[in-house]
């Protein structure tokens, strides 16, 4: 959003947003008549002309229509749902899909400092080949049959042990395998939130949380994220102001900042959530990158109101995906029903591959190597970036990301557009930010920053954007 | 539903259903006040005492609450969504999840005439082992990287050719890979329907359509299915009465009946849909079992309002699943965005395995063998069932199912419960029926009926249910 926007413009947008919200939350259904201009001006505490301007804007957006002499009506949707049309209309360059699309569609040889995963050469290739060969000799049922509703039992047993090592008591019956971490969160949103309800996220947070929550048509409210976790005063205020139903976070090595929750913040956060009856999804996707123990909300809470999800797409393979949900015992039946309804039988071959690698110790060795290699890369890349005047926000204690601030006056989205023209994919800060307050920030994946060309492109893009 | 239910009881249920519907469609939001008893009695054309009884029933179900002196209110949901609580409260034995859960959870040695897939020994085991070995030698990227938004390009090219053989013109850019056929339909429902809108299905239809549509909280209306396709008069009446947004069907070897659409019905059906602006999802999951050409709606329509989906879970493997959507060019971007938001990168290893088998001709050989083997099994099983007085509704021209009528007076759900006590999983007709009008029907999977024990158990269960 342009900082020079006048106060009047902001009011118009606030009124338009209130109407979009009512439509998303279905308190205004397709075909319904909008409140009259006078009455809505009263409701919103603005002038009638502000409402007129807001309604005009919604007409231009194709959200409502004016019927002569009768008022304004919600348009009946003729076209299928477009995620791009839900929620605030962001600049295309900072759309949450921008980085995903660029990263997923770029060829293997395109440098992708903005992408969220490790290069192929950092993944346990030999272990995967061995697991595939082993699978090719296994019983026929494992190769052809649907999975059980909760999924591959030996893998759930192993996950239960691993969770136990982090203090999370989750027997295999409280673990459900999913087709990915993303799909785990998607299922949980279906179970826990309704269109129009409010969900809290960190600001900044993983951009695909924002895309996914758009698809659920919920109101997303950001809580400023600090180097030790969410800002608790803002968290408490958001709870009392918005009465959210759910909070989604990473407690260890948060994406994009790499900061982890401290035990004290974790404890206070849980106490506030208990008081408000708030459910928390703790996405532990980067947990295995942690070099030192981090508090898991699920461990403190005992899976009462915290649901932990995770996957192996970042540390093992993103080509045969497998995620999990660890949740309260009395929610498992509903989760299993929903999994059947929406996917039927899961993907047992992926679960089998993950299990084969996890069980034989090679995964632990791989992680140890990865953590050391990443520590070196974080140091090296921080030095290279500093040379360009790009400063890391913190020095993360693990993981693949450096959340960095660009020199004053630069717009990261502009820099990213220019870099893309030279075939380098970057991740501008505002794709991670609900409040669009990370214009000068950029997320760097240190494992994807090894190609020296990147720094030249970055320098030119910054020069161009500054000019 | 008990046929002895009195007319008054039916009226009460009709009123209760109307309220549940308004809640599901969010025209009554959580916390909203229900219409007064007198006014709703007028709306529904029933007596006030009928509305009182219906509201009491909804209080007992935990859907609404009475506030002393103030009226009835929609309860704010404290518990997560339970699929079992959405839509009509069916007898547990005929819940759409009943057959899924039993089939998915039963051990490999439990006879499952009620399940919807082939036994492991009928699947192309050697081809799968070969494909896994080949995969273990492939490039590292294929083993570790996320998939592209549309998915594995060579597989989409191959699917484009296969679709072309059925008259469906879909270039690879109009094909999107999904994690399963179920997930393909789920994504399309998210794109195309809103809670409270109406979706047409066949009656009977695949039970998981009903479970999935419950999760989308749409109103499901059944169109009676005949041996040549949907009853067109009923289809036209449903269109004008319910203004549905979507129709989901199988045109070839419909599940559960095994009947296929005739060209004449297909043409009329499309004409009616065009007139009404109705979108159709054609689930071609059993297409490869067809022994003779069947008309594809997507071929007649040219992917204008028909979307075709399919998968290889029934003919190749259900352990490494891969589905597809073939749709209009101008919907592909939205589909790709939605796929990223809800799954991020798909499952490239599954796509690679399917591709490896499809491309080398072994899949065609496998299908030819399968069709012959199934034709023999359909004949054999029909004879065995006839000996018990169980008569196939039609003689299907392919596929794995016989949709059969039990002798008069028998309740298939009762027979299925008794058989389950002897460890045989059956599929009672009403799990497939929106109108609950298939009480005497049962679906038999002929490939899962080879164990001679089944017929003894079936006979005893029928005797018991008749007694």
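Throughout, read-outs are computed from the coordinates displayed, never taken from laboratory work. Everything quoted here is computed from the prediction, not taken from an experiment. When we count neighbours, we look across all protein chains shown, and the Cβ atoms used for this are built from the backbone with ideal geometry, even at glycine.
Please give the contour-minus-distance gain from residue A:10 to residue A:38: 0.36 nm per residue of separation, less the Cα-Cα distance, rounded to one decimal in nm.
Numbers: separation 28, 0.36 × 28 = 10.08 nm, distance 1.90 nm.
Gain in length upon complete extension: 8.2 nm.
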If you restrict to DSSP beta bridges whose two residues both lie in chain B, what percentage is antiparallel, to the nearest 5?
60
Of the listed peptides B:59-65, B:344-350, B:280-286, B:139-145, what is their order by residue-averaged count of other C-beta atoms within 10 Å, with the highest listed first?
B:344-350, B:280-286, B:139-145, B:59-65
At 20 °C in a medium of viscosity 1.002 mPa s, the protein assembly as shown has a Stokes-Einstein diffusion coefficient, with Rh taken as the Kirkwood radius over alpha carbon pairs, in µm² per second, of 73
Calculated from DSSP helices alone, with each H run of at least 4 adding -39500 (n - 2.57) and the total divided by the residues of the protein assembly as shown, [θ]222 nm to the nearest 500 comes to -13500 deg cm²/dmol
Taking a label point 7 Å out from Cα toward Cβ, give me the nm distances from residue B:125 to the same spot in the other copies, shortest first, one decimal.
3.3
In vacuum, with every alpha carbon of the stretch B:121-198 counted as one equal point scatterer, what does the Debye formula give for log10 I(q)/I(0) at q = 0.17 Å⁻¹? Two decimals, please.
-0.96
Alpha carbons only, please: Rg and Dmax for the stretch B:286-413, in angstrom.
19.1, 55
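Report the calculated FRET efficiency for residue A:226 and residue A:463 (r = Cβ-Cβ distance, R0 = 30 Å), to the nearest 0.05.
Details: r = 32 Å, r/R0 = 1.07.
The value I calculate is 0.40.
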What's the angle, to the nearest 10 degrees (0 to 90), between helix B:232-242's Cα axis and the longest principal axis of chain B?
50
With angles folded into 0 to 90 degrees, how steeply does helix B:332-343 sit against the dominant principal axis of chain B? Use alpha carbons for both and round to 10.
80
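Convert 37 °C to kelvin, take the viscosity as 0.692 mPa s, use the Kirkwood radius over C-alpha pairs of the stretch A:125-362 as Rh, and evaluate the Stokes-Einstein diffusion coefficient in µm²/s, rounded to a whole number. Present the calculation step by step, with values, prior to reporting the outcome.
On the way: Rh = 18.2 Å.
Diffusion coefficient, whole number: 180 µm²/s.
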Report the Cα centroid-to-centroid distance between the stretch A:323-349 and the stretch B:399-467 in angstrom, as an integer.
27
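Could you tell me what percent of the DSSP beta bridges with both partners in the protein assembly as shown are antiparallel, to the nearest 5?
60
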In the stretch A:125-362 the DSSP beta bridges are antiparallel at a rate, in percent to nearest 5, of 35
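What shape does the stretch B:422-467 have by the C-alpha gyration tensor, where a ≥ b ≥ c are the square roots of the eigenvalues, rounded means a/c under 1.5, and otherwise prolate means a/b greater than b/c and oblate the rest? Provide the component values of the computation, followed by the final result.
Values: a/c = 2.92, a/b = 1.38, b/c = 2.12.
In terms of gyration-tensor shape, oblate.
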Could you give the spread of the C-alpha atoms of the stretch B:370-441 along their three principal axes, from largest to smallest, in whole angstroms?
33, 29, 20
For helix B:48-60, what angle does its Cα long axis make with the longest principal axis of chain B, in degrees from 0 to 90 and rounded to 10?
50
7 Å along Cα→Cβ, label-point gaps from residue B:359 to other copies, nm, shortest first
3.2
Counting only C-alpha contacts under 8 Å and six or more residues apart, can you give the relative contact order of the stretch B:7-80 as a whole percent?
37
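Mean separation of Cα pairs under 8 Å and 6+ residues apart, divided by the residue count of chain B: what relative contact order is that in percent?
Working: 818 pairs, mean separation 89.2, N = 467.
Value for chain B: 19 percent.
For chain B, divide the Cα radius of gyration by the Kirkwood radius and give the resulting Rg/Rh value with two decimals.
Values: Rg = 23.3 Å, Rh = 23.7 Å.
Taking Rh as the inverse mean 1/r over Cα pairs, Rg/Rh reads 0.98.
If you wrap the stretch A:223-289's Cα atoms in a convex hull and average its projection over all directions, what's the area in nm²? Intermediate results must be reported in sequence, preceding the final value.
On the way: hull surface 16.7 nm².
Computing the convex hull of the Cα atoms and averaging its projections yields 4.2 nm².
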For label points placed 7 Å from Cα toward Cβ, what is the shortest-first list of nm distances from residue B:460 to its copies?
8.0
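Taking the alpha carbon gyration tensor of the stretch B:7-80, what are the square roots of 5 times its eigenvalues, largest first, to the nearest whole Å?
On the way: eigenvalues 73, 34, 26 Å².
Values for the stretch B:7-80, descending: 19, 13, 11 Å.
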